[in-house]
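What follows draws every value from the coordinates through simple rules; no lab data is involved. This one's a predicted model, so the numbers in the text were calculated from it and none came from an experiment. Ideal geometry is used to build each Cβ from the backbone, glycine not excepted, and the neighbour counts take in all protein chains shown.
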């Protein structure tokens, strides 16, 4: 006579058996066992009460000769964000290794299909670990094909990896900011130096004969705020505009001539 199989919703008295099922299920399953902490019998009882009050979630067990030997978590969820249909999902499906080959897995899948029909849900989806080859072969024989890959990770791990991905850009930004601050400090240091007499800007012809570009020679004789800050003498003309802007932002009292503020 074949063993008697009964499928029903979990009860508070099943907490100890469910804890044993969970331990066996997560042993050697890799990533999933690292992400999910082991439950306690108290937390399992609390979860059972919560699911009993939720019309869209069921924690079901399968009994073999009046002993809890398998479990599954059934949920009714939306098929997609843009469809009205609902889907019944089967998660954490597990049968004790000592109770396999008796039809407990089929009984739990049949319970999910019956609930889907009752709720008018046209689809049933089952989540199974990729490393569980026997379970995946069993589900494939029932017509369940692979539709997606579900990946687990802790929030801390994801945040740390995201920060590592952006680290090169962050270092470049910090390096750029240090360069700007160094140029600004050098300019402010020169702005506080003793004033030097102004000299009239040489003509373009004189500058050409001296082998110096006219724009550089003209700016070489000018002073920022009349205190001897000579942008043309101390810094490349290509940086004059950004440095003039930095001086104006930090020391509004320093007013640079228009020719220097315009840049090269």
statement: Mean separation of Cα contacts under 8 Å (at least 6 apart) over the residue count of segment 16-115, i.e. the relative contact order in percent, is 22 percent
- line: One would report the antiparallel percent of DSSP beta bridges in segment 5-146, rounded to the nearest 5, as 85 percent
- request: Determine, from the Cβ-Cβ distance of residue 101 and residue 52 and an R0 of 35 Å, the FRET efficiency 1/(1 + (r/R0)^6), rounded to the nearest 0.05.
  value: 0.70
statement: Taking only the alpha-carbon atoms of segment 5-146, the convex hull volume per residue, in cubic angstrom, is 121 Å³
- line: Note: probe point = Cα of residue 4 + 7 Å toward Cβ; backbone nitrogen < 17 Å; residues of segment 69-98 passing the test are 69-70
